[in-house]
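Novice: My questions all concern the structure below.
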Amino acid sequence: MVKEKPNSTRIYDKDGYRRRAACICVRSDAEAEVLLVTSSRRPELWIVPGGGVEPEEEPSVTAVREVLEEAGVIGKLGRCLGVFENTEHMHRTEVFVMTVTEELEEWEDSRTIGRKRQWFSIDDALAQLALHKPTQRHYLQQLRHSKNSTSSSPLPSPTSSS
């Protein structure tokens with residue numbers, strides 16, 4: 001199912017959930033620091049960069065595109081952490097890990113809406129997300145879990161409810 005919205009097309013799965021993709025951007029393979037961006041609705045609060053999957057677009061492509069638009073970073077896309085379900089807002093987000101290789105001085109959302117980005121330790125990022133996007137805390141918990149259990153082999157895509 002497809003719904004039009006100004007400047008984008010929303011894609012829905014067979015259950016009526018909006019399809020989204022996001023990246024947990026990390027500084028290094030140690031995965032000790034993650035990049036968050038300011039919320040477009042509440043600029044004093046921090047979120048994980050991500051957005052809606054476009055028609056005919058793979059979620060991995062969406063994740064890379066959204067990170068460039070929202071955070072102004074380029075990197076190496078790594079493993080998929082899974083598909084995370086938000087029943088309150090009716091969306092499912094496929095979340096990937098990206099190791100950042102380049103940070104642009106200026107990027108689309110910094111110019112158009114004054115969005116900022118900042119590196120946080122995992123614990124600090126969890127605390128920041130609790131203030132505005134508590135469901136996104138599951139992404140970081142899965143990042144930690146997957147890093148501790150297997151650092152080289154990819155995980156299947158679990159669906160977690162929030």
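Novice: Would you mind finding the one in ARG19, ARG65 that is modelled with pLDDT of 95 or more, under 12 Å from the mean Cα position of the chain (by Cα), open to solvent by 10 Å² or more (accessible area, probe 1.4 Å) and basic (Lys, Arg)?
Specialist: ARG65
Novice: Here's another thing I want to ask about it. So is VAL97 in a helix (DSSP H, G or I), under 13 Å from the mean Cα position of the chain (by Cα), closer than 13 Å to ALA21 by Cβ and of a type outside the set (D, E, K, R) or not? Break it down stepwise before answering.
Specialist: Details: in a helix (DSSP H, G or I): no; under 13 Å from the mean Cα position of the chain (by Cα): yes; closer than 13 Å to ALA21 by Cβ: yes; of a type outside the set (D, E, K, R): yes.
No: the conditions fail for VAL97.
Novice: Let me confirm something: among ASP123, ASP109, which residue is in contact with a helix residue (DSSP H, G or I) (Cβ under 7 Å, 6 or more places away or on another chain) and in a helix (DSSP H, G or I)?
Specialist: On the way: ASP123 fails: in contact with a helix residue (DSSP H, G or I) (Cβ under 7 Å, 6 or more places away or on another chain).
Criteria check complete, one pass: ASP109.
Novice: Condition check: among the aliphatic types (A, V, I, L, M), under 12 Å from the mean Cα position of the chain (by Cα) and either within 13 Å of THR38 (Cα to Cα) or surrounded by 14 or more Cβ atoms within 10 Å (Cβ to Cβ) (or both). Does LEU126 satisfy that? Step through it out loud before you land on a result.
Specialist: Details: among the aliphatic types (A, V, I, L, M): yes; under 12 Å from the mean Cα position of the chain (by Cα): no; either within 13 Å of THR38 (Cα to Cα) or surrounded by 14 or more Cβ atoms within 10 Å (Cβ to Cβ) (or both): yes.
Spelling it out, it is not the case that LEU126 is among the aliphatic types (A, V, I, L, M), under 12 Å from the mean Cα position of the chain (by Cα) and either within 13 Å of THR38 (Cα to Cα) or surrounded by 14 or more Cβ atoms within 10 Å (Cβ to Cβ) (or both).
Novice: Kindly indicate the residue of the range 29-53 that is assigned to a loop (DSSP other than H, G, I, E, B) and open to solvent by 50 Å² or more (accessible area, probe 1.4 Å) and also nearest to VAL97 (Cα to Cα) among those meeting that condition. Working first, answer last.
Specialist: Of the range 29-53, the ones assigned to a loop (DSSP other than H, G, I, E, B) are 29-32, 39-45, 48-49, 53.
Of the ones still in play, those that are also open to solvent by 50 Å² or more (accessible area, probe 1.4 Å) are 29-30, 32, 40-44.
Working: ASP29: 10, ALA30: 12, ALA32: 12, SER40: 22, ARG41: 25, ARG42: 25, PRO43: 24, GLU44: 25 Å.
The residue in question is ASP29.
Novice: Let me ask you something else. Consider only pairs whose beta carbons are under 6 Å apart and that are at least six residues apart or on different chains; among these, list those whose first residue lies in the range 12-29 and is touching a residue at least 24 places away in the same chain (Cβ under 8 Å) and whose second residue is crowded, with 18+ Cβ neighbours inside 10 Å and in a loop (DSSP other than H, G, I, E, B).
Specialist: ARG19/VAL53; ALA21/VAL53; ALA22/VAL48
Novice: If you don't mind, another one. What are the pairs with Cβ atoms under 6 angstrom where one residue, in the range 117-145, is farther than 21 Å from PRO43 by Cα and the other, located anywhere, is open to solvent by 50 Å² or more (accessible area, probe 1.4 Å) and small (Gly, Ala, Ser)? Sequence gap at least six, or different chains.
Specialist: Pairs found: HIS138/SER162.
Novice: Go through (1) at pLDDT below 95; (2) open to solvent by less than 40 Å² (accessible area, probe 1.4 Å); (3) not β-branched (Val, Ile, Thr) for PRO6 and report which single condition fails.
Specialist: (2)
The values are calculated or read from the model by the stated rules, or taken from the named source; none is laboratory data. Only a predicted model underlies this, so the values are computations on that prediction, with no experimental measurement involved. We place every Cβ from the backbone using ideal geometry, glycine too, and count neighbours over all the protein chains shown. Calculation scope for accessible area: heavy atoms of the full protein, side chains included, ligands and nucleic acids excluded. Shrake-Rupley method; radii C 1.70, N 1.55, O 1.52, S 1.80 Å.
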